[in-house]
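Have a look at the structure below before the remarks.
The values are calculated or read from the model by the stated rules, or taken from the named source; none is laboratory data. Since this is a predicted model, take the numbers as computed values, not measurements. Neighbour counts are summed over all protein chains in view; Cβ atoms, including those assigned to glycine, are modelled from backbone coordinates with ideal geometry. For the accessible areas, the whole protein counts, side chains as well, though only heavy atoms, and no ligand, DNA or RNA atoms are used. Shrake-Rupley method; radii C 1.70, N 1.55, O 1.52, S 1.80 Å.
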Amino acid sequence: MSPDAPIVWRPSEELRARSSLTRYLDWLAERGRGFAAYDDLWRWSVDDLDGFWGSLWTYFGVPASAPPSTILAAREMPGARWFEGAQLNYAAAALAGADDRPAVVALDEAGGATRLTRAELLAAVGATAVGLRELGVRRGDRVAAYLPNGVEAVVALLATASIGAIWSACAPDFGPAAVIDRFRQIRPSVLIAVDAYRFGGRVFDRRNELADIVGALPDTTCVLVPGPGSARFEGAALSWDDLVSTPAAPTFEQLAFDEPLWILYSSGTTGLPKAMVQSHGGILLEHLKSLSLHLDLGLEDRFFWFTTTGWMMWNFLVSGLLVGSTIVLYDGSPSHPDLLSLWRLAASEGVTYFGTSAPFLHACQRRALDPRATVDLSSLAAIGSTGSPLSPEGFAWVAERVDPSIWLGSISGGTDVCTAVVGSCPLLPVRLGEIQCRWLGAKVEAFDPSGRSVIDEVGELVITAPMPSMPVGFWNDPDAERYRASYFDAYPGVWRHGDWLRITPSGGCVISGRSDATLNRGGIRVGTSEFYRIVEAVPGIAESLVVDTGELGADGELIVFVAMEPTVPFDDGVRTAIAEALRSQLSPRHVPDRVVAAPGVPCTLNGKRLEVPVKRLLMGAAPGEVANADALRDPAVFEWYVRYARGAGD
């Protein structure tokens, strides 16, 4: 057994006593269910699915016009059927309690701010729903958005859901082909879009891109939300102001638990993105559990997560409304004018929960930023990190340069379930480099190659019991063939998530990268996150990408691409430093065959490194087969790898 990592944070007695999870435990105890430790509660939550999920329905008082006749009618995956007979609406739950409490704070990098109370948000949703109905939107229709992270997106989502229509969004930095690949699958009735957006101090004109998108959706009505700048797109049927011009109180279509709420998409780096359909009831119950019990959010919290509308964390952020929190939105670059910008936002808005990505925290760590010495973070109680594994150095930086008393919650899950499956817990300690626990209701296990569940060994992250927020299906996949192939081919009846996971003896979790991008050198498997942690600690290296071109039964090359800090040259000294670091901290087998200077690391629009696509390029695949340029953050960087791959084979 490996030794437990050192503890870097413990919950205070005050937090333990007042936390939502403690209140839930007390509520269970009053009903004859007592649990001595979190692990006992988790075990019950994944073994007694009816008991656990049924208890959440009652505990949270899910607003429903009709109660369920059963909790879980069918347990097989895929095909589990939850809360049959129930009638509800996600938007009704999100908009409950229309009063003068703040609901939404929307900020942008130009200094703009929009603030809505819960009563004002309810009124805005009512007016928008009237406008959508006048455009012919009905239950089951799709409403698509090409919008930044602002008030209009939140209002439009909730208005769409109130009607029983289905929401789907892309951020305006998506290229037109990526948007068309997504929206043409679902054939929206209405597209709500901007014609420009601001990022990094620049205004990006999207009129040409919007024209391409509208042209590819001939049966779709376009509603224009004016973007920054004076030029306007001429091809919209009406403006946002026209859409929302008729005041009305919203009405909420009552829907079955599993009726579609929204459609999210896979990254789409190869082929058509998977269009994942998630349900009103599944998302409502999962997000109540996650935000209340695991993130400990409530009425007094101001909940921020840096995200765009094209990432599932935006949907997760909006669900902060379910627990009465004020949600804080930001439209802009996290590093403009500098890396302290988001920390200043947290200070000025009194953010209590600050959500971000591991790459952002790593960037702050590499620059040796010291937010504690620069801004007043006295309101901040917790930091959330996701998107990729957070290194031990990232954990240490938060403790040293932000505040050791702040609860750091590294979480991991995905678009596929629109939540985390491993993450934070207010009753447990935080150990250096570890995720605190497996989340309630998520039967997460690590499988070895034979399909045996293992502890303290790296294995495939699998989920062996259904969860309500798993997709009810993919759009245009009537026989569920693509759905089954995506998750259930490796282990029939078991969800394969695609990550390497080690469950520690103390119940913590360590994610070490995508399982399809593993490094297998001489029989030693290593997740890419371990590799990046070591390489990117070498002075002067801004970011890196590692690729192992080996296949089953055949060795290949281990190649490391590094992008240097602007003022640091790449030379043989860098190569030597990388080799020595990997030899001493990982193994001699993982010293790379080649270290290559690159202009950057190719990523999806949500920041995922293109490890597998670059590997396929190096092995001779055509660029169009491995990645869609419009689904990438910087297509020019990917083109550099295309040219390199062509030359590498010469």
* To do: Answer with yes or no whether VAL417 is under 22 Å from GLY459 (Cβ atoms) and in a loop (DSSP other than H, G, I, E, B).
  => yes
* To do: Being over 21 Å from PHE199 (Cβ atoms) and among the hydroxyl-bearing types (Ser, Thr, Tyr) is the filter here, so list the residues in segment 604-650 that pass it.
  => TYR641, TYR644
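Let's see how each residue does on (1) within 24 Å of SER388 (Cβ to Cβ); (2) in a loop (DSSP other than H, G, I, E, B):
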{"site": "GLU445", "(1), (2)": "yes, no"}
{"site": "VAL462", "(1), (2)": "yes, no"}
{"site": "MET467", "(1), (2)": "yes, yes"}
{"site": "ARG484", "(1), (2)": "no, no"}
{"site": "ASP489", "(1), (2)": "no, yes"}
{"site": "GLY493", "(1), (2)": "no, yes"}
{"site": "ARG496", "(1), (2)": "yes, no"}
{"site": "LEU501", "(1), (2)": "yes, no"}
* Find all pairs meeting these conditions: Cβ atoms under 9 angstrom apart; at least six residues apart or on different chains; first residue within segment 575-592 and closer than 15 Å to ARG533 by Cα; second residue surrounded by 17 or more Cβ atoms within 10 Å (Cβ to Cβ) and aromatic (Phe, Trp, Tyr). => LEU582/PHE531; LEU586/PHE531; HIS590/PHE531
* To do: Could you tell me which residue of segment 227-256 is surrounded by the fewest Cβ atoms within 10 Å (Cβ to Cβ), considering only residues that are within 15 Å of ALA91 (Cα to Cα) and out of contact with any Lys or Arg (no Cβ under 9 Å at 6 or more places or on another chain)?
  => ALA249
* Asked: Can you pull out the residues in segment 605-639 that are within 22 Å of SER515 (Cα to Cα) and of a type in the set (Lys, Arg)?
  -> LYS608, ARG609, LYS615, ARG616
* Asked: Do we have ARG207 as over 25 Å from ALA248 (Cα atoms) and at pLDDT below 95 here?
  -> no
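Before we move on, is ALA113 of a type outside the set (Asp, Glu) and closer than 26 Å to VAL190 by Cβ?
no
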* To do: Among the numbered conditions (1) over 26 Å from the mean Cα position of the chain (by Cα); (2) small (Gly, Ala, Ser); (3) buried (at least 18 other Cβ atoms within 10 Å of the Cβ), tell me where GLY34 comes up short.
  => (3)
* **Long-range neighbours under 8 Å by Cβ, at least six apart or interchain, first residue more than 27 Å from SER325 (Cβ to Cβ) within segment 17-44, second open to solvent by 50 Å² or more (accessible area, probe 1.4 Å)** => TRP44/ARG33; TRP44/PHE35
* Failed condition for GLN87, given (1) over 30 Å from VAL154 (Cβ atoms); (2) modelled with pLDDT of 95 or more; (3) of a type outside the set (Phe, Trp, Tyr); (4) open to solvent by 20 Å² or more (accessible area, probe 1.4 Å) -> (1)
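Check segment 482-494 and report whether any residue there is surrounded by fewer than 22 Cβ atoms within 10 Å (Cβ to Cβ), among the aliphatic types (A, V, I, L, M), under 30 Å from ASP593 (Cβ atoms) and at pLDDT below 95.
yes
So, in segment 39-56, exactly how many residues are buried (at least 20 other Cβ atoms within 10 Å of the Cβ) and over 14 Å from ASP26 (Cα atoms)?
So the answer is 6.
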* Structure fact -> Given the conditions (1) over 30 Å from CYS170 (Cα atoms); (2) surrounded by 18 or more Cβ atoms within 10 Å (Cβ to Cβ); (3) touching a residue at least 40 places away in the same chain (Cβ under 8 Å), every one holds for ALA627 apart from (1)
* Can you name the number of the only condition in (1) without any contact (Cβ under 8 Å) to a residue 12 or more places away in the chain; (2) assigned to a strand (DSSP E or B); (3) hydroxyl-bearing (Ser, Thr, Tyr) that SER378 fails? -> (2)
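Name the residues in segment 214-224 that are touching a Ser or Thr at 6+ places or on another chain (Cβ under 9 Å) and either open to solvent by less than 10 Å² (accessible area, probe 1.4 Å) or within 16 Å of VAL137 (Cα to Cα) (or both), would you?
Scanning segment 214-224 gives ASP219, THR220, THR221, VAL223.
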* Structure fact -> Subset of segment 235-270, residues within 30 Å of PRO623 (Cβ to Cβ) and in a loop (DSSP other than H, G, I, E, B), comes to SER266, SER267, GLY268, THR269, THR270
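When only residues in segment 252-273 that are of a type outside the set (Phe, Trp, Tyr), at pLDDT 95 or above and in contact with a helix residue (DSSP H, G or I) (Cβ under 7 Å, 6 or more places away or on another chain) count, which is farthest from ILE192 (Cα to Cα)?
Per the stated criteria, the residue is ASP258.
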* Selection count, segment 571-628, where residues are under 15 Å from ILE541 (Cα atoms) and basic (Lys, Arg) -> 1
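Sort out which residues of segment 574-614 are open to solvent by 50 Å² or more (accessible area, probe 1.4 Å) and not in a loop (DSSP other than H, G, I, E, B), and write them in order of number. Break it down into steps so the answer makes sense when it comes.
First, pick out the residues of segment 574-614 that are open to solvent by 50 Å² or more (accessible area, probe 1.4 Å): 575-576, 580, 583-585, 588-589, 593-594, 599, 606, 608-609.
Hits for segment 574-614 are ARG575, THR576, GLU580, ARG583, SER584, GLN585, PRO588, ARG589, ARG594, ARG609.
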* Can you find even one residue in segment 258-273 that is more than 18 Å from SER357 (Cβ to Cβ), open to solvent by 40 Å² or more (accessible area, probe 1.4 Å) and polar (S, T, N, Q)? -> yes
* Asked: Which of the residues belonging to segment 45-73 are touching a residue at least 12 places away in the same chain (Cβ under 8 Å), assigned to a loop (DSSP other than H, G, I, E, B) and within 28 Å of the chain's Cα centre (by Cα)?
  -> PHE60, VAL62, PRO63, ILE71
* Hey, can you tell me all the residues within segment 429-457 that are small (Gly, Ala, Ser), closer than 20 Å to ASP40 by Cβ and open to solvent by 30 Å² or more (accessible area, probe 1.4 Å)? => SER453
* Structure fact -> If we take segment 95-202, then strands (runs of 3 or more DSSP E) inside it with 1 or more residues that are open to solvent by 10 Å² or more (accessible area, probe 1.4 Å) are 102-108, 113-117, 142-146, 166-170, 196-199
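For segment 615-643, how many residues meet the condition of being part of a helix (DSSP H, G or I) and among the aliphatic types (A, V, I, L, M)?
Quick first cut of segment 615-643, residues part of a helix (DSSP H, G or I) only: 615-618, 623-626, 629-631, 635-643.
Filter once more, keeping what is among the aliphatic types (A, V, I, L, M): 617-618, 626, 629, 631, 636-637, 642.
The number of residues fulfilling the criteria is 8.
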